[in-house]
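The values are calculated or read from the model by the stated rules, or taken from the named source; none is laboratory data. All values derive from a computational prediction rather than experimental measurement. Heads up, the Cβs are rebuilt from the backbone with ideal geometry, glycines too, and the neighbour counts pull from every protein chain shown.
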Amino acid sequence: MHELSIAMSIVDLACEEAEMRGAPGVDVVYLKLGPLSGVVKEALLFSYEIACQQTPLEGSKLLIEEVPIVVNCPVCRERRSVQSIQSLCCAICGTPTPEILEGRELMVTAMELRP
Amino acid sequence: MIVEPRLVEVRKNVLKQNDVLARALRERFREAGVLAISLVSSPGAGKTAFLERTLTLLHTRYKVAALVGDLATENDAARLARSQAPVKQIITGTVCHLEAAMVQNVLDGWNLRDLDFLFIENVGNLVCPSSYDLGEDLRFVLLSVTEGEDKPLKYPTIFNSADVAIITKSDLAAAVEFDEVLTRRNIQAVRPGMQVLKLSAKTGAGMPDFLEFLERLHPRSHRAAAVAK
């Protein structure tokens, strides 16, 4: 379980961004999360609340957008989704596809700042 | 007074700090001509036994060193030091994985130019290490025959993050009725095209092939082979 240290990194990053913009605090942090990031959504949400305590983010919300794995299918020559994380094959033609384009995201995309 | 919009775009990786350090480490390894390889596996898959054997065998021909991460104790470093290779223990305390900063800190005082291979043994854990780039050139995931053929399907993220899979404890395969075909199929399902090697650190079976594989990877060994010819 490393979600607490990930949550603390999110809080640090958000505090830094808020301070840079002269905001006294943050209401919402938007996060993009890929299935290959190695981070579990539920554990992260639980850890986030703890990580926010006694920081300018206390009481803020973490909104997680879970994004799918996207691969470059060598046969279709297109961006494709996969059958599942246990089967990295093109969802359309079934070819095994090692080239991953998206799915490792662990990214703060936006924030709502407290006025 | 300028009123900033309440909603602001950020687009920053949460592990940016780790990624920046990892990139710097990778560059340092490249400049020094050392091949850095990290090992990940569940606890008890045989990382330390495998590494002890590897260091002992490589030590006669190459300059090798190892970093080994554990939550507590220096037992693994003591075991690995029997190989005569320089070894440093990273004690993570309560942290369940290594991070690039831990690797960077422990490298202080080491001249990487003196090394050919640097092995980094991660904490035994198939979940958390997958998120952290350590600056390694290659990540090996170890899977022992006693663990069950579906390990790759249960932990797809770490298998996907690795470059090479090593099936360990092959001497026990028959006793536990290990299904190698199924295991290889499962590995390919979560990481298509991944190279798979099978060996036993105890008996030495498969070690010569593994060493040959390692030597092929190392840029300096290519040069050495060319000179020898």
*Can we say B:ALA72 is part of a loop (DSSP other than H, G, I, E, B), in contact with a strand residue (DSSP E or B) (Cβ under 7 Å, 6 or more places away or on another chain) and surrounded by fewer than 20 Cβ atoms within 10 Å (Cβ to Cβ)?*
yes
*Within the stretch A:86-115, work out how many residues are touching a strand residue (DSSP E or B) at 6+ places or on another chain (Cβ under 8 Å), within 25 Å of B:SER131 (Cα to Cα) and charged (D, E, K, R).*
3
*Of all residues in the stretch B:19-44, how many are closer than 25 Å to B:ASP171 by Cβ and more than 13 Å from the chain's Cα centre (by Cα)?*
2
_Test of understanding: among B:ARG61, B:ARG79, which residue is surrounded by 15 or more Cβ atoms within 10 Å (Cβ to Cβ), at pLDDT below 95 and basic (Lys, Arg)?_
B:ARG79
_Residue list for the stretch B:174-211, filter: surrounded by fewer than 18 Cβ atoms within 10 Å (Cβ to Cβ) and of a type in the set (Gly, Ala, Ser)_ = B:ALA174, B:ALA175, B:GLY193, B:GLY204, B:ALA205
_Please go through (1) surrounded by 15 or more Cβ atoms within 10 Å (Cβ to Cβ); (2) outside any helix (DSSP H, G or I); (3) more than 11 Å from every other protein chain (Cβ to nearest Cβ) for A:ALA51 and return the number of the only condition it doesn't satisfy._
(2)
_Looking only at residues that are within 7 Å of another protein chain (Cβ to nearest Cβ), under 16 Å from A:GLU105 (Cα atoms) and not polar (S, T, N, Q) in the stretch A:3-22, which one is surrounded by the most Cβ atoms within 10 Å (Cβ to Cβ)?_
A:ILE6
_Matching residues in the stretch B:160-199 - criterion: being outside any loop (DSSP other than H, G, I, E, B), within 10 Å of chain A (Cβ to nearest Cβ) and within 12 Å of A:LEU88 (Cα to Cα)_ = B:ASN160, B:ASN186, B:GLN188, B:ALA189, B:VAL190
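Given the residues B:LEU21, B:LEU7, B:LEU57, which is the only one that is away from chain A (no Cβ under 14 Å) and of a type in the set (A, V, I, L, M)?
Selected residue: B:LEU57, the only one of B:LEU21, B:LEU7, B:LEU57 that is away from chain A (no Cβ under 14 Å) and of a type in the set (A, V, I, L, M).
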*asked:* Restricting to the stretch A:64-97, count the residues that are within 20 Å of B:VAL14 (Cα to Cα), surrounded by 15 or more Cβ atoms within 10 Å (Cβ to Cβ) and out of contact with any Gly (no Cβ under 9 Å at 6 or more places or on another chain).
replied: 1
*Between residues in the stretch B:199-211 that are in contact (Cβ under 8 Å) with a residue 60 or more places away in the chain and residues that are among the acidic types (Asp, Glu), which pairs lie under 6 Å by C-beta distance while being six or more apart or on different chains?*
B:LYS202/B:ASP171
*asked:* Taking the condition of being closer than 12 Å to A:ILE10 by Cα and over 12 Å from the mean Cα position of the chain (by Cα), how many residues in the stretch A:29-49 meet it?
replied: 3
_Looking only at the stretch A:98-115, and only at residues there that are over 15 Å from B:THR157 (Cα atoms) and surrounded by 15 or more Cβ atoms within 10 Å (Cβ to Cβ), the one that is farthest from the other protein chains (Cβ to nearest Cβ)_ = A:ARG114
*Mind listing whichever residues of the stretch A:25-42 are closer than 18 Å to B:ILE158 by Cα and outside any loop (DSSP other than H, G, I, E, B)?*
A:LEU33, A:PRO35, A:LEU36, A:SER37, A:LYS41
